[in-house]
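One structure is given below, encoded as structure tokens.
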Amino acid sequence: MIYLLEDDDTIRTFVAYALNNSALDTAAFSHPSQFWQAVARETPRLVLLDVMLPEEDGLSVLRRLRAEVATARVPVMMLTAKGEEYDKVIALNAGADDYVAKPFGIMELIARIRALLRRTEPDETAAEPQEYRLGTLTVSPVRRTAAVGGAPAALTFKEFELLLLLISHPGTVFTRDQILRQVWGFAFDGESRTVDVHIRTLRAKLGEAGERIETVRGVGYKMQ
């Protein structure tokens, strides 16, 4: 089930109707309190989130989602009238997976939702190694877990995807743009801070194993 949190009645009704008629089961909410009650009953497969909301702003909702174990890896797409670069940077650094500025075309929105679901939901037919090992670091794509010396590392969805990209291609240097495309699924022109912030947080959470993530000055990052 996709959850839509949008206080504008017209947009909420239209988007929910379009998604439900595109075989994307959607429940829509106008207030965060309603949204959180639904989350407590069932974890959504994806969240569409406005920024300017009553009771609690969308960025606060996003941070709460990322802080909870049950929802830390649920993909979140921001739908908002706040379309400046600074607003996008704030949302992406807070853990958003995509950012769509209003007004938007409904067909493009549906296509981006499907693309985000393809990137974030497991492909049962894909041949995936049971786990990657590098020194004390172990990453399991199937269980979507990471551990250092046997101790679990509590990673967000994007942190795990970033780690998986690096550890599955040891020695390969990825530019920031390549990382944005492969982990976030799109290029954010001129923006590298999102990648840098996630790399810094990932290193900190991995402790001694984080030292294996090497900065290639002027280019990007690689896993030693």
Note to self: Quick check on my filter: what residues within the stretch 56-115 are more than 23 Å from Val39 (Cα to Cα) and touching a strand residue (DSSP E or B) at 6+ places or on another chain (Cβ under 6 Å)?
What the structure shows: Gly83, Lys88
Margin query: Cβ contacts < 9 Å: first residue in contact (Cβ under 8 Å) with a residue 60 or more places away in the chain, restricted to the stretch 34-48; second residue outside any loop (DSSP other than H, G, I, E, B) and among the basic types (Lys, Arg), any location; separation 6+ or different chain. Result?
Written below: none
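In the stretch 144-163, which residues are farther than 15 Å from Arg66 by Cα and assigned to a loop (DSSP other than H, G, I, E, B)? Steps first, answer last, please.
So the first thing to find is which residues in the stretch 144-163 are farther than 15 Å from Arg66 by Cα, and the list is 144-152, 162-163.
Arg144, Gly149, Gly150, listed by residue number.
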Next item on the list: Scan the stretch 175-190 and give yes if some residue there is out of contact with any strand residue (DSSP E or B) (no Cβ under 8 Å at 6 or more places or on another chain), surrounded by 14 or more Cβ atoms within 10 Å (Cβ to Cβ) and modelled with pLDDT of 90 or more, otherwise no.
Entry: no
Check: Does the stretch 1-38 hold any residues that are β-branched (Val, Ile, Thr), under 16 Å from Met77 (Cβ atoms) and in a helix (DSSP H, G or I), and which are they?
Finding: Ile11, Val15
Item checked: In the stretch 84-101, the residues that are assigned to a loop (DSSP other than H, G, I, E, B) and either of a type in the set (S, T, N, Q) or surrounded by 13 or more Cβ atoms within 10 Å (Cβ to Cβ) (or both) -> Ala94, Gly95, Ala96, Asp97
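Determine whether Leu117 is closer than 24 Å to Thr194 by Cα and either aromatic (Phe, Trp, Tyr) or crowded, with 16+ Cβ neighbours inside 10 Å (or both).
Numbers: closer than 24 Å to Thr194 by Cα: yes; either aromatic (Phe, Trp, Tyr) or crowded, with 16+ Cβ neighbours inside 10 Å (or both): no.
Here the answer is no, as Leu117 does not meet what is asked.
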Check: What number of residues within the stretch 191-224 satisfy the criterion of being crowded, with 18+ Cβ neighbours inside 10 Å, of a type in the set (A, V, I, L, M) and modelled with pLDDT under 90?
Finding: 1
Check: Got a sec? Which of Thr175, Thr138, Thr215 is among the hydroxyl-bearing types (Ser, Thr, Tyr) and within 27 Å of Val100 (Cβ to Cβ)?
Finding: Thr175
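For residues in the stretch 73-83 being touching a helix residue (DSSP H, G or I) at 6+ places or on another chain (Cβ under 8 Å) and assigned to a loop (DSSP other than H, G, I, E, B), which is farthest from Leu53 (Cα to Cα)? Give the derivation first.
Restricting attention to the stretch 73-83, the residues satisfying the condition of being touching a helix residue (DSSP H, G or I) at 6+ places or on another chain (Cβ under 8 Å) are 73-80.
Narrowing further to those that are assigned to a loop (DSSP other than H, G, I, E, B): 73-75.
Details: Arg73: 22, Val74: 20, Pro75: 19 Å.
Ranking the candidates gives Arg73 first.
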Note to self: Out of everything in the stretch 128-169 that is among the hydroxyl-bearing types (Ser, Thr, Tyr) and surrounded by fewer than 18 Cβ atoms within 10 Å (Cβ to Cβ), what residue ends up being nearest to Ala94 (Cα to Cα)?
What the structure shows: Thr145
Checklist line | Close pairs (8 angstrom Cβ cut-off, 6 or more residues apart or separate chains): on the phi > 0 side of the Ramachandran plot and in the same structural domain as Ala94 (by TED's automatic domain parsing) in the stretch 196-219, outside any helix (DSSP H, G or I) and among the β-branched types (Val, Ile, Thr) anywhere | finding: none
Item checked: Out of Asp87, Asp57, sole residue that is at pLDDT 90 or above and over 26 Å from Asp25 (Cβ atoms) -> Asp57
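Taking only the stretch 39-65 into account, find how many residues are surrounded by 18 or more Cβ atoms within 10 Å (Cβ to Cβ), assigned to a helix (DSSP H, G or I) and of a type outside the set (Val, Ile, Thr).
Taking the stretch 39-65 as the starting set, the residues that turn out to be surrounded by 18 or more Cβ atoms within 10 Å (Cβ to Cβ) are 39, 44, 46-51, 53, 58-59, 61-62, 65.
Remaining after also requiring assigned to a helix (DSSP H, G or I): 39, 58-59, 61-62, 65.
Next, from what is left, pick out any that are of a type outside the set (Val, Ile, Thr): 58-59, 62, 65.
Total satisfying the criteria: 4.
The values are calculated or read from the model by the stated rules, or taken from the named source; none is laboratory data. Note that the structure is a prediction, hence the values are computed from the model and not measured. Cβ atoms come from the backbone with ideal geometry, glycine included; neighbour counts cover every protein chain shown.
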